[in-house]
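*Asks:* One structure coming up, written as structure tokens, with questions to follow.
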Amino acid sequence: MSEIKLLRHAPGSPGLRLLGLGPGCLPSQGLIKLKVLLDKHAFWAQGRSYKEIRKVLAGSTVVISLWRGKRLIGFGRATSDGIYRAVLWDIVVAGDLQGQGLGRMVVNALLDAPSLKKVEKIYLMTTNSADFYEQLGFQRSSNQALLVKTHF
């Protein structure tokens, strides 16, 4: 079994976004593999186009990917102003590998990124995984409301 490699991409993830680079900065069809990972293992991100994925990567402050050999097995990203607020987005681990600490690796790598280290508050939204994030130090907020406005 191949060892797991955690990649810390540059802000905006140009290597992954434009060239599909993976471990060792080698062409690995990374963007295609990211779309497959999101479509298969992230119900909230199914059906995103390559153009949309490139755009969210371009706007991301921190991008983390996990690889086992040539397989993309985990991913997460964050946006931040670097001082007051950050938001974690699109944290996903391949379903057959969940429960092995890989999600924890992705979240910890995001939180350890220099641009998030001193941010006052880090937010995330989850539908089914609140217990997991609470194990990592996140707390349910009772003094804030999640408000949503949808544009179509």
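*Asks:* Quick check: anything in the range 77-93 at pLDDT 95 or above, among the hydroxyl-bearing types (Ser, Thr, Tyr) and more than 15 Å from the chain's Cα centre (by Cα)?
*Replies:* Yes - at least one qualifying residue is present in the range 77-93.
*Asks:* Another one. So in the range 130-150, with the set limited to residues that are outside any helix (DSSP H, G or I) and in contact (Cβ under 8 Å) with a residue 12 or more places away in the chain, which one is farthest from Ser65 (Cα to Cα)? Talk me through it step by step, then tell me what you get.
*Replies:* Of the residues in the range 130-150, the ones outside any helix (DSSP H, G or I) are 136-150.
This time we only want the ones that are in contact (Cβ under 8 Å) with a residue 12 or more places away in the chain, so: 136, 138, 146.
On the way: Leu136: 19, Phe138: 21, Leu146: 28 Å.
Among residues in the range 130-150 that are outside any helix (DSSP H, G or I) and in contact (Cβ under 8 Å) with a residue 12 or more places away in the chain, the one farthest from Ser65 (Cα to Cα) is Leu146.
*Asks:* Inspect the range 8-19 for any residue being of a type in the set (Ser, Thr, Tyr) and closer than 23 Å to Lys117 by Cβ and give the result as yes or no. Explain how you work it out, then say what you get.
*Replies:* Going residue by residue through the range 8-19, those that are of a type in the set (Ser, Thr, Tyr) are 13.
If we keep only those that are closer than 23 Å to Lys117 by Cβ too, we end up with 13.
For the range 8-19, residues of a type in the set (Ser, Thr, Tyr) and closer than 23 Å to Lys117 by Cβ: present.
*Asks:* Tell me, which residue of the range 15-31 that is assigned to a loop (DSSP other than H, G, I, E, B) and not small (Gly, Ala, Ser) is surrounded by the most Cβ atoms within 10 Å (Cβ to Cβ)? Please lay out each step first, then the result.
*Replies:* Taking the range 15-31 first, the residues assigned to a loop (DSSP other than H, G, I, E, B) are 20, 22, 26, 28-29.
Then keep just the ones that are not small (Gly, Ala, Ser); that gives 26, 29.
On the way: Leu26: 12, Gln29: 14.
Of everything passing the filter in the range 15-31, Gln29 is surrounded by the most Cβ atoms within 10 Å (Cβ to Cβ).
*Asks:* Pick from the range 50-84 the residues that are among the basic types (Lys, Arg) and farther than 18 Å from Ala109 by Cα: which of them is surrounded by the fewest Cβ atoms within 10 Å (Cβ to Cβ)? Quick ask: steps written out before the conclusion?
*Replies:* Start the filter on the range 50-84 by keeping residues that are among the basic types (Lys, Arg), which leaves 51, 54-55, 68, 70-71, 77.
Filter once more, keeping what is farther than 18 Å from Ala109 by Cα: 51, 54-55, 70-71.
Numbers: Lys51: 7, Arg54: 18, Lys55: 13, Lys70: 13, Arg71: 16.
So, considering only residues that are among the basic types (Lys, Arg) and farther than 18 Å from Ala109 by Cα, the one surrounded by the fewest Cβ atoms within 10 Å (Cβ to Cβ) is Lys51.
*Asks:* Against the definition (in contact with a Ser or Thr (Cβ under 8 Å, 6 or more places away or on another chain) and assigned to a strand (DSSP E or B)), how does Leu57 come out, yes or no? First the steps, then the outcome.
*Replies:* Values: in contact with a Ser or Thr (Cβ under 8 Å, 6 or more places away or on another chain): yes; assigned to a strand (DSSP E or B): no.
When the stated conditions are applied, Leu57 does not pass them.
*Asks:* Among the residues of the range 44-55, write down those that are under 18 Å from Val93 (Cβ atoms) and under 14 Å from the mean Cα position of the chain (by Cα).
*Replies:* Step one: of the range 44-55, the residues under 18 Å from Val93 (Cβ atoms) are 44-46, 48, 53.
Correct list: Trp44, Ala45, Ile53.
Listed here are the residues, each with its yes/no results for (1) surrounded by 17 or more Cβ atoms within 10 Å (Cβ to Cβ); (2) of a type outside the set (Asp, Glu); (3) touching a residue at least 60 places away in the same chain (Cβ under 8 Å); (4) assigned to a helix (DSSP H, G or I).
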site	(1), (2), (3), (4)
Ala86	yes, yes, no, no
Asp90	yes, no, no, no
Asp96	no, no, no, yes
Gly99	no, yes, no, no
Gly103	yes, yes, no, yes
Leu110	yes, yes, no, yes
Leu116	yes, yes, no, yes
Val119	yes, yes, no, no
Thr127	no, yes, yes, no
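The values are calculated or read from the model by the stated rules, or taken from the named source; none is laboratory data. What you see is a predicted model, and the numbers here were worked out from it, not measured in a lab. Every residue, glycine among them, receives a Cβ derived from its backbone with ideal geometry; neighbour counts consider all protein chains shown.
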